[in-house]
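The structure under discussion appears below in the form of structure tokens.
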Amino acid sequence: MKLLLIRHATADDRSLGLADHSRQLTDKGRQQSRRLAAFLAGAGLHADLLLCSTLCRAKQTAQILHQHLSWPQPQAVDWLDIDTQAFVQQQAIARYTEQEGLELLVCVGHEPDISALMACYLGTEASCFQIKKASASLLDLTGRQACLLWSLPVALM
């Protein structure tokens, strides 16, 4: 099974005093999400399952991917929320790897959690990664290990 990890696109700045869970995508963030969707369409990727954090900006990023790629409706899961330990996320993902016919699982989440999860799968340190907003990383999973196929910031898409 392949795992596509996506960091949400640019959202309202924290300094605006908004509650973190309600920060929405900016115009730039919506544009980044559409650019990401165009890249993923060109790469021929089709999600069998689209999961996202329960936070507004991750749900909005996933919704744009759903709309532009005809991917499944996003499902919000709390284990993709900020500050969830990588081993907890890895255990949750392991349950999906057992599903027959699931070839591509897409998870839209946050930093530093994406870096920590990638490091957990790849047997390295999270500091090895710098995952920018609206970036995507594709991993080929084998049990609790993975091979990184590619990781790109939206600026290169």
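The values are calculated or read from the model by the stated rules, or taken from the named source; none is laboratory data. Everything numeric here is computed off the predicted structure, so don't read it as measured data. Positions of Cβ are generated from backbone atoms using ideal geometry, with glycine treated the same way; all protein chains shown enter the neighbour counts. For accessibility, only protein heavy atoms count, side chains too; no ligands or nucleic acids. Shrake-Rupley method; radii C 1.70, N 1.55, O 1.52, S 1.80 Å.
In table form, for the structure just shown:
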{"item": "Criterion (touching a residue at least 40 places away in the same chain (Cβ under 8 Å) and over 15 Å from residue 133 (Cα atoms)) met by exactly one of 19, 47, 41", "result": "47"}
{"item": "Close pairs (6 angstrom Cβ cut-off, 6 or more residues apart or separate chains): without any contact (Cβ under 8 Å) to a residue 24 or more places away in the chain in the range 55-82, surrounded by fewer than 16 Cβ atoms within 10 Å (Cβ to Cβ) and of a type in the set (Val, Ile, Thr) anywhere", "result": "79/88"}
{"item": "Subset of the range 1-43 (residues that are at pLDDT 95 or above, of a type in the set (Gly, Ala, Ser) and assigned to a loop (DSSP other than H, G, I, E, B))", "result": "9, 43"}
{"item": "Considering residues of the range 92-113 that are farther than 23 Å from residue 10 by Cα and without any contact (Cβ under 8 Å) to a residue 60 or more places away in the chain only, the residue most open to solvent (accessible area, probe 1.4 Å)", "result": "100"}
{"item": "Selection count, the range 122-142, where residues are touching a residue at least 40 places away in the same chain (Cβ under 8 Å) and more than 24 Å from residue 23 (Cβ to Cβ)", "result": "4"}
{"item": "Some residue of the range 50-71 being of a type in the set (A, V, I, L, M, F, W, C), open to solvent by 50 Å² or more (accessible area, probe 1.4 Å) and in contact with a strand residue (DSSP E or B) (Cβ under 7 Å, 6 or more places away or on another chain)", "result": "no"}
{"item": "Candidates 8, 68 - the one that is within 12 Å of residue 136 (Cβ to Cβ) and touching a helix residue (DSSP H, G or I) at 6+ places or on another chain (Cβ under 7 Å)", "result": "8"}
{"item": "Members of the range 6-41 that are in contact with a Cys (Cβ under 8 Å, 6 or more places away or on another chain) and open to solvent by 60 Å² or more (accessible area, probe 1.4 Å)", "result": "21, 24"}
{"item": "Residue within the range 79-91 that is assigned to a helix (DSSP H, G or I) and open to solvent by 80 Å² or more (accessible area, probe 1.4 Å) present", "result": "yes"}
{"item": "Condition check for residue 116: open to solvent by less than 70 Å² (accessible area, probe 1.4 Å), in a loop (DSSP other than H, G, I, E, B) and of a type outside the set (Ser, Thr, Tyr)", "result": "no"}
